[in-house]
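Single-structure report; data block below.
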Amino acid sequence: MARMHVVWRLLVPLLAAEVNSFSSRPSLSSFTNFPTSLAMSTTTDSWEALQSAASNTPVGSALDQESASRTAGTGAAFVQNKLRLFGADEKPKLTLYRDHAGWCPYCQKTMLLIEEKRIPINIELVPMRSYGDKPESFLRIVPSGLLPALLVETSDGRKQVVTESQVIMELLDSWHPVEDGFKQMMPSEEDSASMQRYRQLSNLERELFSWWCTLIFRPEGPSFGSPGMLGKLMGKSSEPAMSGAMSGFLECLEKVDNALASTKGPWFFDWTEHPTMIDFVYVSHVERMLASAAFWKGLDLRSDKYQQQFPALNAWLDAFEKRECYLAFKSDYYTHVKDIPPQYGPGYDGGFEDERISFQKNISGKDGKSWTLPLSFDDDVQPLYRGPPLPLCALKAAGISGDNGELASEGTSYEKAEPEQMAEACRQMAGWKIASNGSAVAKFAARGGPEGSRNPRKGFGAELADPYAQSDQKLIPSVETALKSVCVALLAQGGPSAHDAALNEMKDNLQTQISKDQARDVASSLAYLRDRIGVPRDLPLASARQLRAHLNAAIDVLH
């Protein structure tokens, strides 16, 4: 931390003056009523026809318009935005290089600060080493390849590059002060008590990170049955047997919970009603702790038990999950347990075995429920509706109100939403996503065929990544046919009966249009696609689970 402050002080005089001086589909303005189901022949129509059909749904029309706004730099927060203007008239002179898939926690916390402060900025998306080669154009600017990286263009043509997320965040905060209308993210230097608390919280975050690494990425030691310090503090005479690493991690979380409980609101500082820099520093890794602790240790920190044990921590997470700009960058547990190992190392099974096995099946879609139709309204492990489950524009188009009674409102939960209305909106978003790039998605999925996934060049550490794999060329037409059938089922309108009819139609199409000698290979291709759906890169979780479940329904027919 001390070194970062030294770098910060060296860069401010050089750059502050300069900073202070400075493929989306077309939107549709209207849509027509979409039929309750599509004719069977639609599945053999072009992707352009399906794209038009998707755009004629309320959700699809809204997403078209939002996509155009995002391209112009004026839309809502989105993990793959490349321009953020926030009302600025001129092209920004700041460019942030961040990871393309939304896996990097350091890029995430930087983007959360940018969104909350509403800082105009250009964004360039770059692969992490774990899922692709970095382009030469980026390496010429940042030879180390580190992400995130901030490029500052000065008026005389000079360019300055800054790396390390903490340094970048502090610089961005100092260059966009409260006096210019931006939100305050750091305590003022004159407020010595708040600055001391900030430093203490930063040290505690590093302590928590260390305990997390010890718990997840090293084999656990023996478990002990005594309550330990945490149990004694909670007034409990006995606790389930747990290792020293588990006890240390939970005791550190207790310190974090106490720090949050010491403020009036949900955030680490209560001199403001919005999250500040220290909240962003914590949340990007706490989000990964939730996923990894559940998957590898059977520890569900969002369960009722831990809601009671860590009430302030869970209230803090609830507050984040009601903010659209946070949800735009929030991954699901499945994506995290696939993207964590190539960045941190393999996770080790341990902890509470029965719960761990149950959570692993749920997170991986192997419990017969979480990725299987008919889907339950909510998920057993990852509650979907503590905040807006879809972009606000999609909720508004679907006529879905929050639990506060307001249409498509931020800052509220959606747990009381009408289940079928919500499910249809989530399906429509998934169908819109597939239809918007159907040929490319089919080609990608065909890597799962018997002649696919050949990668003569190199492999990558990420299980979800396969950037240079080849498709099974002979299988692509059949995969396209199958995907069109799935897309039609996703786009059906008219409630449960219309959706059931569309599913039956999908099954009939698959049985009649996919030859028996290719059926199993097409099923493998759909499974390849299903297992590589990333949240939030591809879809928000509420919509991604619908796509995964519909692909599974198609796979069941083909098998």
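Below, the figures for the structure above:
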| read-out | value |
| --- | --- |
| Within the chain: Cβ-based charge dipole about Cα centre, in debye rounded to nearest 20 (Lys, Arg +1; Asp, Glu -1) | 1260 |
| Among 84-96, 306-318, the order from most to least packed when residues are scored by Cβ within 10 Å on average | 306-318, 84-96 |
| Members of LYS255/LYS369; LYS305/LYS330; LYS433/LYS474; LYS109/LYS297; LYS93/LYS255 lying beyond 29 Å, as alpha-carbon distances in this model show | LYS255/LYS369; LYS93/LYS255 |
| Cysteines without a disulfide-compatible partner [the chain; Cβ-Cβ under 4.7 Å] | CYS213, CYS252, CYS325, CYS393, CYS426, CYS487 |
| Highest-first arrangement of 47-57, 537-547, where packing means the average Cβ count within 10 Å | 537-547, 47-57 |
| Helix-derived mean residue ellipticity, 222 nm - over the chain, DSSP H n ≥ 4, -39500 (n - 2.57), to 500 | -16000 deg cm²/dmol |
| Computed E for SER188/ASP133 - FRET, C-beta separation, R0 51 angstrom, nearest 0.05 | 0.70 |
| Segment THR263-ASP500, extension gain: residue separation times 0.36 nm, minus the distance between their alpha carbons | 80.3 nm |
| Extension reserve of the LYS305-ASN203 stretch, reckoned as 0.36 nm per residue once the Cα distance is removed | 34.0 nm |
| Ordering of 108-119, 262-273 by packing [mean C-beta count within 10 Å, highest first] | 108-119, 262-273 |
| Average accessible area per residue (Å²) across segment 300-349 - probe 1.4 Å, nucleic acids and ligands excluded | 32 |
| Separation of the LEU373 and TRP271 label points, Cα + 7 Å toward Cβ, nm | 5.5 |
| Set of aspartates and glutamates near LYS159 by C-alpha distance (under 15 Å), chain-local residues within fewer than 8 positions excluded | GLU18 |
| Distance in nm between pseudo-label sites at GLU48 and SER453 (7 Å out along the Cβ direction from Cα) | 3.5 |
| Sequence-distant lysines (8 or more away, or on other chains) whose Cα lies within less than 17 Å of LYS366 | LYS338 |
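The values are calculated or read from the model by the stated rules, or taken from the named source; none is laboratory data. Quick caveat, the model's predicted, so the values are computed rather than measured. Every residue, glycine among them, receives a Cβ derived from its backbone with ideal geometry; neighbour counts consider all protein chains shown. What goes into the accessible areas is simple: the full protein's heavy atoms, side chains included, and nothing from ligands, DNA or RNA. Shrake-Rupley method; radii C 1.70, N 1.55, O 1.52, S 1.80 Å.
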